[in-house]
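This report refers to the structure that appears directly beneath it.
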Amino acid sequence: MTELSTIYKLSLIAVTCFIQACSSSSCPVLECWFVQEKAGRGGGLTGATTQEKSLLHIRTEEDGQNDESQRAPKDINPERVYSVIDPAGTLCHRSLNPPKGSVTKPQCEINPFLPQPSSLDWVSSLTESGLSPVYLQAEWFSSAFQGLNEQLGISTITRAPTGSKEHSVILSVTTKTVSVKSRLGEPVQLDCGFWINPSSPLYGAGFAVEWRYQFRGRGRLILAYDGKTDRLADTQEEGATLDFEALHEKGNASLLLQEAKVLHSGTYICTVYLPHLLAQVALDLEIEEPPSLSIHPSPLPLAVPGQTINVQCEASGFAPLPVEFSWEIKGADGKSKTLDSFSVTGHRQAWDRTFSQTSRLEIDTSKLDLGRGGELTCVAAHAGGTRRTSVTLNVIGFSSPSIEDSMAMVGVALVLYGLIKFVSWTFTSSGSAEADKQDKKEK
């Protein structure tokens, strides 16, 4: 019994150690780039930026690691090794912790951050006192993370007492939809959530949320909300909204677009403001609508050997560019053949910003062994999906009839032969009867 008790205790100890080991290894050690600007060279010019390798030891609790576990590799300056405490565990996401030996790694960048008030109308209420709290007298970093396969995007603001390398996450903004694709007319949700450290004096001091759109250097404000005064900015875009209940209760700042349009394609920036602080994440939305295809003329006219037929295929209502055309024909024997004698017009844009484009095909029946014809197919390959449409091509007057046609002609010949024999027999019989009557009269 004593031996069993000892084994039982040892088993419990082993399981406990295993669980602790797993929990301690669930948060990653992240290799990052520490980026900062060099001092200006005079004349108001800013010098180039410098990049240094750095190391972040992520933890969820303040108790923790010894100096041995945080020893810097040879290629990293020991001054750039930091401990980051993230009570929410956001930075412990699996996409930031790839398997050991993995070639692909998450992306990470750290920048020094200077807390300051904002003059934006929907943010100014957060710092209306005009005072700068003593709490801000510390070292602040802004960090951006992107998980493997674009599973996650995170931006954090961390604080450390002056001279310390142990930072605490004060604000984190997260998105699980770094890249989004949608069809036209569908509702779209762009994910954005934030977390504020409850131990920070900024917790409960109010927040603001802003969504902006950018595309090819141009931008516009989509929506802005002052959470402290519960007020929306007057520039809210039609069809865009937030779930305000979830925003206040869970920090869910996701943007809801009621109906996806082509003009919605681009980059969206979700920014969360606290007094003197801000963090933001960027998301890409791509509207992918496959084309609708139509062949003209349809149906195709009957063709004879040696005739040239012009056919066009129109792809309409697609976005974005480009679309790739191809043509193929399937003969009566079931074999498909690719046709290359086609051209493509320039694209045209409709009022809803979708595109249309036309492909023109020239078919020379003398160069194709089509027999009685076949099925002509237009194919349009697009990022939103490949579309196909077909039409039947009939060729008449060819020199070598098919077996079915030969059998039909034999059948017709037999019927005609029987009809001729019947008519001949009828006339012969009536002629014989008339001759017999004439012979009887003469007698």
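Observations
- Of all residues in the stretch 219-241, those satisfying the criterion of being open to solvent by less than 10 Å² (accessible area, probe 1.4 Å) and either over 26 Å from residue 127 (Cα atoms) or in contact (Cβ under 8 Å) with a residue 60 or more places away in the chain (or both) are 224, 225, 226, 240.
- Flag if residue 220 is of a type in the set (D, E, K, R), assigned by the TED database to the domain that holds residue 88, outside any loop (DSSP other than H, G, I, E, B) and over 26 Å from residue 151 (Cα atoms): yes
- Residue within the stretch 160-168 that is in contact with a His (Cβ under 8 Å, 6 or more places away or on another chain) and surrounded by 12 or more Cβ atoms within 10 Å (Cβ to Cβ) present: yes
- Within the stretch 242-257, not a single residue is open to solvent by less than 50 Å² (accessible area, probe 1.4 Å), within 18 Å of residue 174 (Cα to Cα), among the acidic types (Asp, Glu) and not in a helix (DSSP H, G or I).
- Scanning the stretch 247-263 for residues that are within 15 Å of residue 216 (Cβ to Cβ) and either touching a Gly at 6+ places or on another chain (Cβ under 9 Å) or of a type in the set (Val, Ile, Thr) (or both) yields one hit, 262.
- The sole residue among 269, 309, 329 that is under 30 Å from residue 354 (Cβ atoms), outside any loop (DSSP other than H, G, I, E, B), in contact with a Lys or Arg (Cβ under 9 Å, 6 or more places away or on another chain) and not assigned by the TED database to the domain that holds residue 196 is 329.
- Residue 206, sole failed condition from (1) in a strand (DSSP E or B); (2) of a type outside the set (S, T, N, Q); (3) open to solvent by less than 50 Å² (accessible area, probe 1.4 Å): (1)
- When the stretch 134-159 is filtered for residues that are in a strand (DSSP E or B), out of contact with any Asp or Glu (no Cβ under 6 Å at 6 or more places or on another chain) and not aromatic (Phe, Trp, Tyr), the ones remaining, listed by number, are 139, 142, 143, 146, 153, 154, 155, 156, 157, 158, 159.
- Condition check for residue 281: modelled with pLDDT of 95 or more and in the same structural domain as residue 181 (by the TED database): yes
To keep it simple, each residue is scored yes or no on (1) aromatic (Phe, Trp, Tyr); (2) within 25 Å of residue 54 (Cα to Cα); (3) modelled with pLDDT of 95 or more; (4) touching a Leu at 6+ places or on another chain (Cβ under 7 Å).
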residue	(1), (2), (3), (4)
111	no, yes, yes, no
119	no, no, no, no
125	no, no, no, no
136	no, yes, no, no
160	no, yes, yes, no
193	no, no, yes, no
201	no, no, no, no
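- Which listed residue is open to solvent by 60 Å² or more (accessible area, probe 1.4 Å), within 26 Å of the chain's Cα centre (by Cα) and outside the structural domain of residue 180 (by the TED database), from 347, 296: 347
- Taking first residues from the stretch 109-130 that are in the same structural domain as residue 163 (by the TED database) and partners that are part of a helix (DSSP H, G or I) and modelled with pLDDT under 95, the Cβ contacts under 8 Å between residues at least 6 apart in sequence or on separate chains come to 115/136; 117/124; 117/126; 117/127; 118/124; 118/126; 118/127.
- Taken as a whole, the stretch 368-378 holds no residue that is open to solvent by 100 Å² or more (accessible area, probe 1.4 Å), at pLDDT below 75 and not assigned by the TED database to the domain that holds residue 324.
- For the stretch 385-436, a residue qualifies if it is open to solvent by 90 Å² or more (accessible area, probe 1.4 Å) and at pLDDT below 55, and exactly one does: 399.
The values are calculated or read from the model by the stated rules, or taken from the named source; none is laboratory data. It should be emphasised that the depicted structure is a prediction, and the values quoted were computed from it without experimental measurement. Cβ sites come from the backbone with ideal geometry, for glycine too, and all protein chains shown count toward neighbours. Surface accessibility is based on the protein's heavy atoms, side chains included, excluding ligands, DNA and RNA. Shrake-Rupley method; radii C 1.70, N 1.55, O 1.52, S 1.80 Å.
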